[in-house]
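S.K.: Below is a structure I'd like to ask you about.
The values are calculated or read from the model by the stated rules, or taken from the named source; none is laboratory data. Only a predicted model underlies this, so the values are computations on that prediction, with no experimental measurement involved. Cβ sites come from the backbone with ideal geometry, for glycine too, and all protein chains shown count toward neighbours.
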Amino acid sequence: MPSAVGQIEVVPLHKTFTAEVRGVDFSQPLPARVIEQIQAAIDQHGVLVFRNTGLDDKRQIAFAAQFGPLDDMEPHIKAGRKMRLPDKEMFDVSNLDPDGNIVTELDPQRLGAMKGNALWHADLAFNSPRAGYSMLRAHELPPKGLGGETEYLDARAAYDDLPDAMKKRIENLVGNHSMMHNRKLAAPDIYESINVRDFPFSKHKLVVPHRNGRNTLYLTSYIHHIDGMSDDESQALVDELFAHATQPQYRTLIQWENNSDLIMWDNTAVLHRATGGAYLTKHVRDMRRTTSNDTGAHAHGMNDPSKPFRQGLPIPKS
Ligand SMILES: [Fe+2]
(Lines give C-alpha, C1' and ligand atoms only; values in the text may rest on other atoms or scores of the structure.)
Protein backbone atom coordinates (compact mmCIF):
# COMPACT_ATOMS: atom_id res chain seq x y z
CA MET A 1 0.00 0.00 0.00
CA PRO A 2 1.49 3.38 -0.95
CA SER A 3 2.59 5.58 1.91
CA ALA A 4 0.79 8.80 2.77
CA VAL A 5 2.59 12.07 2.08
CA GLY A 6 5.33 12.58 4.67
CA GLN A 7 5.02 9.00 5.88
CA ILE A 8 7.59 6.37 5.14
CA GLU A 9 6.62 2.77 4.57
CA VAL A 10 8.61 0.06 6.38
CA VAL A 11 8.31 -3.42 4.85
CA PRO A 12 9.94 -6.25 6.86
CA LEU A 13 12.16 -8.53 4.77
CA HIS A 14 12.94 -11.18 7.40
CA LYS A 15 11.24 -12.79 10.39
CA THR A 16 13.34 -11.02 13.04
CA PHE A 17 15.22 -8.11 11.40
CA THR A 18 15.83 -6.13 8.18
CA ALA A 19 13.27 -4.02 6.36
CA GLU A 20 12.90 -2.10 3.13
CA VAL A 21 12.01 1.55 3.55
CA ARG A 22 9.93 3.20 0.84
CA GLY A 23 8.61 6.69 0.35
CA VAL A 24 11.71 8.67 1.35
CA ASP A 25 12.38 11.65 -0.92
CA PHE A 26 16.17 11.99 -0.98
CA SER A 27 16.11 14.85 -3.49
CA GLN A 28 16.07 17.34 -0.64
CA PRO A 29 17.21 17.42 3.02
CA LEU A 30 15.05 15.12 5.10
CA PRO A 31 12.75 16.79 7.64
CA ALA A 32 13.14 15.90 11.32
CA ARG A 33 9.95 13.82 11.36
CA VAL A 34 11.31 11.54 8.62
CA ILE A 35 14.64 11.18 10.42
CA GLU A 36 12.68 10.21 13.57
CA GLN A 37 10.79 7.55 11.62
CA ILE A 38 14.00 6.17 10.13
CA GLN A 39 15.57 6.19 13.62
CA ALA A 40 12.63 4.18 14.99
CA ALA A 41 12.83 1.76 12.07
CA ILE A 42 16.58 1.15 12.43
CA ASP A 43 16.19 0.66 16.20
CA GLN A 44 13.66 -2.08 15.55
CA HIS A 45 14.96 -3.75 12.38
CA GLY A 46 18.74 -3.18 12.54
CA VAL A 47 19.10 -3.13 8.73
CA LEU A 48 17.20 -0.82 6.35
CA VAL A 49 17.25 -1.09 2.56
CA PHE A 50 16.54 2.03 0.47
CA ARG A 51 16.23 1.38 -3.28
CA ASN A 52 17.07 3.92 -5.99
CA THR A 53 17.86 6.78 -3.63
CA GLY A 54 19.45 9.00 -6.27
CA LEU A 55 22.00 10.04 -3.63
CA ASP A 56 25.47 11.26 -4.52
CA ASP A 57 28.48 11.50 -2.19
CA LYS A 58 27.72 14.94 -0.76
CA ARG A 59 24.07 14.20 -0.07
CA GLN A 60 24.85 10.79 1.43
CA ILE A 61 27.29 12.47 3.80
CA ALA A 62 24.66 15.06 4.76
CA PHE A 63 22.03 12.33 5.31
CA ALA A 64 24.41 10.19 7.37
CA ALA A 65 25.44 13.14 9.54
CA GLN A 66 21.84 13.43 10.74
CA PHE A 67 22.39 10.21 12.75
CA GLY A 68 25.56 11.18 14.60
CA PRO A 69 29.12 12.46 14.11
CA LEU A 70 30.82 10.80 11.15
CA ASP A 71 34.04 8.88 11.26
CA ASP A 72 36.58 9.66 8.55
CA MET A 73 39.67 8.37 6.78
CA GLU A 74 42.13 10.55 8.66
CA PRO A 75 44.23 7.66 10.11
CA HIS A 76 44.56 6.18 6.62
CA ILE A 77 45.50 9.56 5.11
CA LYS A 78 48.07 10.08 7.88
CA ALA A 79 49.43 6.60 7.20
CA GLY A 80 50.18 7.78 3.69
CA ARG A 81 47.34 6.07 1.85
CA LYS A 82 46.37 7.75 -1.39
CA MET A 83 42.61 8.35 -1.60
CA ARG A 84 40.42 7.85 -4.68
CA LEU A 85 37.41 9.74 -3.30
CA PRO A 86 37.69 13.44 -2.40
CA ASP A 87 35.60 13.44 0.80
CA LYS A 88 37.36 12.14 3.89
CA GLU A 89 34.00 11.04 5.38
CA MET A 90 33.48 8.61 2.49
CA PHE A 91 35.02 5.18 3.01
CA ASP A 92 36.03 3.59 -0.27
CA VAL A 93 34.65 0.03 -0.20
CA SER A 94 35.21 -0.55 -3.91
CA ASN A 95 37.50 -3.03 -5.62
CA LEU A 96 39.40 -0.11 -7.15
CA ASP A 97 42.83 1.27 -6.44
CA PRO A 98 43.35 5.04 -5.94
CA ASP A 99 43.72 5.49 -9.71
CA GLY A 100 40.45 3.70 -10.43
CA ASN A 101 41.94 0.41 -11.62
CA ILE A 102 40.45 -2.91 -10.48
CA VAL A 103 42.46 -4.36 -7.60
CA THR A 104 44.73 -7.29 -8.30
CA GLU A 105 47.17 -9.45 -6.34
CA LEU A 106 49.64 -6.58 -6.85
CA ASP A 107 47.85 -4.56 -4.13
CA PRO A 108 48.10 -6.93 -1.16
CA GLN A 109 46.91 -4.41 1.42
CA ARG A 110 43.69 -3.69 -0.44
CA LEU A 111 43.15 -7.34 -1.27
CA GLY A 112 43.70 -8.23 2.39
CA ALA A 113 41.08 -5.69 3.44
CA MET A 114 38.60 -7.11 0.94
CA LYS A 115 39.22 -10.64 2.20
CA GLY A 116 38.85 -9.45 5.79
CA ASN A 117 35.48 -7.91 4.99
CA ALA A 118 34.24 -11.34 3.97
CA LEU A 119 34.43 -12.42 7.63
CA TRP A 120 31.59 -11.50 10.02
CA HIS A 121 32.16 -8.15 11.67
CA ALA A 122 30.73 -4.92 12.99
CA ASP A 123 32.41 -1.94 11.33
CA LEU A 124 35.18 -0.26 13.35
CA ALA A 125 34.79 -2.54 16.38
CA PHE A 126 38.57 -2.12 16.72
CA ASN A 127 38.19 1.59 17.45
CA SER A 128 37.09 3.56 20.48
CA PRO A 129 34.43 4.80 20.01
CA ARG A 130 33.12 1.94 17.88
CA ALA A 131 30.87 2.57 14.89
CA GLY A 132 27.16 3.20 15.21
CA TYR A 133 25.48 3.33 11.80
CA SER A 134 26.99 2.41 8.46
CA MET A 135 25.40 3.52 5.21
CA LEU A 136 26.66 1.76 2.10
CA ARG A 137 25.67 3.07 -1.32
CA ALA A 138 26.14 1.40 -4.68
CA HIS A 139 27.80 3.95 -6.94
CA GLU A 140 28.54 1.45 -9.70
CA LEU A 141 27.55 -2.21 -9.55
CA PRO A 142 29.10 -5.13 -11.44
CA PRO A 143 26.93 -7.03 -13.94
CA LYS A 144 24.18 -9.04 -12.23
CA GLY A 145 24.86 -12.64 -11.30
CA LEU A 146 28.56 -12.20 -10.51
CA GLY A 147 28.23 -11.81 -6.73
CA GLY A 148 28.77 -8.82 -4.47
CA GLU A 149 25.77 -9.33 -2.18
CA THR A 150 26.02 -8.20 1.44
CA GLU A 151 24.97 -10.62 4.16
CA TYR A 152 23.62 -9.60 7.58
CA LEU A 153 23.25 -11.41 10.89
CA ASP A 154 20.77 -10.57 13.65
CA ALA A 155 23.07 -10.38 16.69
CA ARG A 156 20.18 -9.57 19.04
CA ALA A 157 18.11 -12.60 18.05
CA ALA A 158 21.25 -14.76 18.21
CA TYR A 159 21.86 -13.56 21.77
CA ASP A 160 18.24 -14.14 22.79
CA ASP A 161 18.42 -17.80 21.72
CA LEU A 162 21.63 -18.67 23.58
CA PRO A 163 21.21 -21.26 26.33
CA ASP A 164 20.95 -19.67 29.78
CA ALA A 165 24.23 -21.30 30.86
CA MET A 166 26.06 -19.65 27.95
CA LYS A 167 24.43 -16.28 28.66
CA LYS A 168 25.67 -16.56 32.23
CA ARG A 169 29.14 -17.65 31.13
CA ILE A 170 29.72 -14.72 28.77
CA GLU A 171 27.86 -11.89 30.48
CA ASN A 172 30.99 -10.17 31.79
CA LEU A 173 33.58 -11.37 29.29
CA VAL A 174 35.57 -8.76 27.38
CA GLY A 175 36.72 -9.27 23.79
CA ASN A 176 39.90 -7.64 22.46
CA HIS A 177 39.24 -6.44 18.90
CA SER A 178 42.04 -5.88 16.40
CA MET A 179 41.79 -5.10 12.71
CA MET A 180 45.08 -6.92 12.23
CA HIS A 181 43.66 -10.15 13.66
CA ASN A 182 40.85 -10.12 11.09
CA ARG A 183 43.31 -9.43 8.27
CA LYS A 184 45.62 -12.23 9.39
CA LEU A 185 42.70 -14.66 9.57
CA ALA A 186 41.56 -13.70 6.07
CA ALA A 187 44.92 -13.35 4.35
CA PRO A 188 47.66 -15.04 6.43
CA ASP A 189 50.13 -14.95 3.55
CA ILE A 190 49.86 -11.16 3.15
CA TYR A 191 50.11 -10.42 6.89
CA GLU A 192 52.54 -13.17 7.84
CA SER A 193 55.13 -10.76 9.27
CA ILE A 194 52.66 -8.90 11.49
CA ASN A 195 52.32 -9.66 15.19
CA VAL A 196 48.79 -8.71 16.27
CA ARG A 197 50.01 -7.94 19.79
CA ASP A 198 52.15 -5.11 18.40
CA PHE A 199 48.92 -3.17 17.76
CA PRO A 200 46.34 -1.79 20.19
CA PHE A 201 43.20 -3.71 21.07
CA SER A 202 39.78 -2.21 21.52
CA LYS A 203 37.99 -3.81 24.46
CA HIS A 204 34.26 -4.44 24.28
CA LYS A 205 32.10 -6.83 26.27
CA LEU A 206 30.76 -9.81 24.34
CA VAL A 207 27.26 -8.87 25.44
CA VAL A 208 26.34 -5.23 25.01
CA PRO A 209 22.90 -3.72 25.66
CA HIS A 210 21.48 -2.03 22.58
CA ARG A 211 19.97 1.44 22.87
CA ASN A 212 16.51 -0.16 22.68
CA GLY A 213 17.32 -2.31 25.74
CA ARG A 214 17.84 -5.67 24.04
CA ASN A 215 21.21 -7.38 24.41
CA THR A 216 23.50 -7.75 21.40
CA LEU A 217 26.07 -10.50 20.93
CA TYR A 218 28.99 -8.25 20.01
CA LEU A 219 30.96 -11.02 18.38
CA THR A 220 33.30 -10.09 15.54
CA SER A 221 36.13 -11.63 13.57
CA TYR A 222 38.29 -8.87 15.05
CA ILE A 223 38.33 -10.61 18.45
CA HIS A 224 41.87 -11.81 19.00
CA HIS A 225 41.41 -12.97 22.59
CA ILE A 226 39.16 -12.62 25.60
CA ASP A 227 40.42 -11.13 28.86
CA GLY A 228 41.32 -13.78 31.44
CA MET A 229 41.48 -16.63 28.91
CA SER A 230 44.33 -18.16 26.92
CA ASP A 231 44.38 -17.58 23.17
CA ASP A 232 43.27 -21.18 22.58
CA GLU A 233 40.42 -20.96 25.10
CA SER A 234 39.37 -17.64 23.61
CA GLN A 235 39.33 -19.00 20.07
CA ALA A 236 37.34 -22.07 21.15
CA LEU A 237 34.67 -19.88 22.76
CA VAL A 238 34.57 -17.47 19.81
CA ASP A 239 34.19 -20.45 17.44
CA GLU A 240 31.39 -21.93 19.58
CA LEU A 241 29.52 -18.62 19.62
CA PHE A 242 29.96 -18.13 15.86
CA ALA A 243 28.68 -21.67 15.25
CA HIS A 244 25.49 -20.63 17.03
CA ALA A 245 25.16 -17.10 15.64
CA THR A 246 25.75 -18.01 12.00
CA GLN A 247 22.86 -20.49 11.82
CA PRO A 248 20.61 -19.76 8.81
CA GLN A 249 17.70 -18.36 10.82
CA TYR A 250 19.79 -15.36 11.92
CA ARG A 251 21.06 -14.47 8.45
CA THR A 252 19.80 -12.66 5.40
CA LEU A 253 21.47 -11.96 2.07
CA ILE A 254 20.65 -8.69 0.36
CA GLN A 255 21.03 -8.21 -3.38
CA TRP A 256 22.21 -4.89 -4.72
CA GLU A 257 19.77 -4.14 -7.54
CA ASN A 258 20.43 -0.61 -8.79
CA ASN A 259 23.11 2.03 -8.67
CA SER A 260 22.25 4.40 -5.78
CA ASP A 261 20.63 1.65 -3.67
CA LEU A 262 21.66 2.31 -0.06
CA ILE A 263 21.71 -0.02 2.93
CA MET A 264 21.86 1.44 6.43
CA TRP A 265 22.71 -0.85 9.32
CA ASP A 266 23.24 -0.55 13.03
CA ASN A 267 26.64 -2.00 13.94
CA THR A 268 25.52 -2.22 17.57
CA ALA A 269 22.70 -4.64 16.66
CA VAL A 270 23.79 -6.64 13.62
CA LEU A 271 26.88 -8.15 12.03
CA HIS A 272 27.61 -8.22 8.33
CA ARG A 273 30.03 -9.52 5.73
CA ALA A 274 30.84 -9.10 2.05
CA THR A 275 30.26 -12.22 -0.04
CA GLY A 276 32.75 -11.60 -2.82
CA GLY A 277 32.14 -13.31 -6.15
CA ALA A 278 33.30 -13.71 -9.70
CA TYR A 279 33.24 -9.95 -10.34
CA LEU A 280 36.07 -9.32 -7.85
CA THR A 281 39.11 -8.86 -10.09
CA LYS A 282 37.16 -8.42 -13.35
CA HIS A 283 34.40 -5.83 -12.99
CA VAL A 284 34.10 -2.51 -11.20
CA ARG A 285 32.14 -2.61 -7.95
CA ASP A 286 32.23 0.92 -6.56
CA MET A 287 30.63 0.99 -3.10
CA ARG A 288 30.84 4.03 -0.83
CA ARG A 289 30.26 4.03 2.92
CA THR A 290 29.62 6.68 5.52
CA THR A 291 30.00 5.61 9.14
CA SER A 292 28.80 7.37 12.25
CA ASN A 293 30.42 6.97 15.64
CA ASP A 294 28.39 5.21 18.28
CA THR A 295 27.36 7.90 20.76
CA GLY A 296 25.62 5.59 23.23
CA ALA A 297 26.61 4.51 26.73
CA HIS A 298 28.74 1.62 25.41
CA ALA A 299 30.50 3.45 22.57
CA HIS A 300 33.91 3.10 24.23
CA GLY A 301 33.25 -0.32 25.70
CA MET A 302 35.87 -1.07 28.36
CA ASN A 303 38.35 1.42 26.85
CA ASP A 304 39.18 4.72 28.52
CA PRO A 305 36.58 7.14 27.09
CA SER A 306 38.97 10.06 27.63
CA LYS A 307 41.44 8.47 25.20
CA PRO A 308 39.67 7.73 21.92
CA PHE A 309 41.75 5.92 19.31
CA ARG A 310 41.51 4.60 15.78
CA GLN A 311 43.54 1.87 14.16
CA GLY A 312 45.29 2.95 10.98
CA LEU A 313 46.49 0.64 8.28
CA PRO A 314 50.17 -0.32 8.49
CA ILE A 315 51.81 -1.25 5.22
CA PRO A 316 52.74 -4.95 5.24
CA LYS A 317 56.31 -5.74 4.25
CA SER A 318 56.48 -7.07 0.72
FE1 LIG B 1 32.02 -3.80 6.98
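S.K.: Quick check on my filter: what residues within the stretch 90-99 are of a type outside the set (Ser, Thr, Tyr) and touching a strand residue (DSSP E or B) at 6+ places or on another chain (Cβ under 9 Å)?
M.R.: Once the filter is applied, which keeps residues that are of a type outside the set (Ser, Thr, Tyr) and touching a strand residue (DSSP E or B) at 6+ places or on another chain (Cβ under 9 Å), the stretch 90-99 yields Met90, Phe91, Asp92, Val93, Asn95, Leu96, Pro98.
S.K.: Report yes if some residue within the stretch 44-51 is part of a helix (DSSP H, G or I) and not polar (S, T, N, Q); otherwise report no.
M.R.: yes
S.K.: Looking for whichever is in contact (Cβ under 8 Å) with a residue 60 or more places away in the chain and in contact with a Leu (Cβ under 6 Å, 6 or more places away or on another chain) here; the options are Ile61, Ile42, Ile38. Which one fits?
M.R.: Ile42
S.K.: Which residues, taken from the stretch 230-249, are surrounded by 15 or more Cβ atoms within 10 Å (Cβ to Cβ) and more than 21 Å from Arg273 (Cα to Cα)?
M.R.: Answer for the stretch 230-249, where residues must be surrounded by 15 or more Cβ atoms within 10 Å (Cβ to Cβ) and more than 21 Å from Arg273 (Cα to Cα): just Ser234.
S.K.: Here is a follow-up. Kindly provide the set of residues from the stretch 259-279 that are in a loop (DSSP other than H, G, I, E, B), under 16 Å from Leu48 (Cβ atoms) and of a type outside the set (D, E, K, R), ordered by number.
M.R.: Ser260, Asn267, Thr268, Ala269
S.K.: Looking only at the stretch 77-96, decide whether some residue is free of Cβ contacts under 8 Å to residues at least 24 places away in the same chain and over 18 Å from Ile61 (Cβ atoms).
M.R.: Checking the stretch 77-96: at least one residue is free of Cβ contacts under 8 Å to residues at least 24 places away in the same chain and over 18 Å from Ile61 (Cβ atoms).
S.K.: Is it the case that some residue within the stretch 86-98 is under 30 Å from Thr216 (Cα atoms) and at pLDDT below 90?
M.R.: Within the stretch 86-98 (the criterion being under 30 Å from Thr216 (Cα atoms) and at pLDDT below 90), the answer is no, since none of the residues qualifies.
S.K.: Related question: Does Gln249 satisfy the criteria of being closer than 20 Å to His45 by Cα and part of a helix (DSSP H, G or I)?
M.R.: When the stated conditions are applied, Gln249 passes them.
S.K.: So Thr252 ticks every box in (1) within 16 Å of the ligand (Cβ to nearest atom); (2) in contact with a helix residue (DSSP H, G or I) (Cβ under 7 Å, 6 or more places away or on another chain); (3) over 30 Å from Glu105 (Cβ atoms) but one. Which box is left unticked?
M.R.: Every condition holds for Thr252 apart from (2).
S.K.: Separate question: I need the full set of residues from the stretch 255-275 which are within 14 Å of the ligand (Cβ to nearest atom) and surrounded by fewer than 17 Cβ atoms within 10 Å (Cβ to Cβ), in order please.
M.R.: Thr275
S.K.: Every residue in the stretch 285-301 that is more than 13 Å from the ligand (Cβ to nearest atom) and buried (at least 16 other Cβ atoms within 10 Å of the Cβ), please.
M.R.: Scanning the stretch 285-301 gives Arg285, Asp286, Ser292, Asn293, Asp294, Gly296, His298, Ala299, His300, Gly301.
S.K.: Within the bounds of the stretch 28-40, is there any residue that is under 24 Å from the mean Cα position of the chain (by Cα), loosely packed, with under 12 Cβ neighbours inside 10 Å and farther than 22 Å from Tyr152 by Cβ?
M.R.: yes
S.K.: Just the residues that are in contact with a Leu (Cβ under 6 Å, 6 or more places away or on another chain) and surrounded by fewer than 22 Cβ atoms within 10 Å (Cβ to Cβ), please, taken from the stretch 170-184.
M.R.: Result: Ile170, Leu173.
S.K.: Does Ser27 fit the bill of being closer than 24 Å to Val284 by Cα, touching a Lys or Arg at 6+ places or on another chain (Cβ under 9 Å) and polar (S, T, N, Q)?
M.R.: Considered against the rule, which asks whether it is closer than 24 Å to Val284 by Cα, touching a Lys or Arg at 6+ places or on another chain (Cβ under 9 Å) and polar (S, T, N, Q), Ser27 comes out as no.
S.K.: With the structure loaded, tell me whether Arg110 is at pLDDT 90 or above and among the basic types (Lys, Arg) or whether it fails that test.
M.R.: no
S.K.: Return the residue satisfying two criteria in turn: it lies in the stretch 51-71 and is buried (at least 18 other Cβ atoms within 10 Å of the Cβ) and touching a Lys or Arg at 6+ places or on another chain (Cβ under 8 Å), and of such residues it is nearest to Thr295 (Cα to Cα).
M.R.: Result: Asp71.
S.K.: List the residue pairs whose Cβ atoms are under 6 Å apart, where the first residue sits in the stretch 241-256 and is at negative phi, the second is in a helix (DSSP H, G or I), and the two are 6 or more positions apart or on different chains.
M.R.: Short answer, once both residue conditions are applied: Ala245/Ala158; Tyr250/Ala157; Tyr250/Ala158.
S.K.: Could you please let me know if His204 is within 29 Å of Ala40 (Cβ to Cβ), out of contact with any Leu (no Cβ under 6 Å at 6 or more places or on another chain), more than 15 Å from the ligand (Cβ to nearest atom) and not in a loop (DSSP other than H, G, I, E, B)?
M.R.: Yes.
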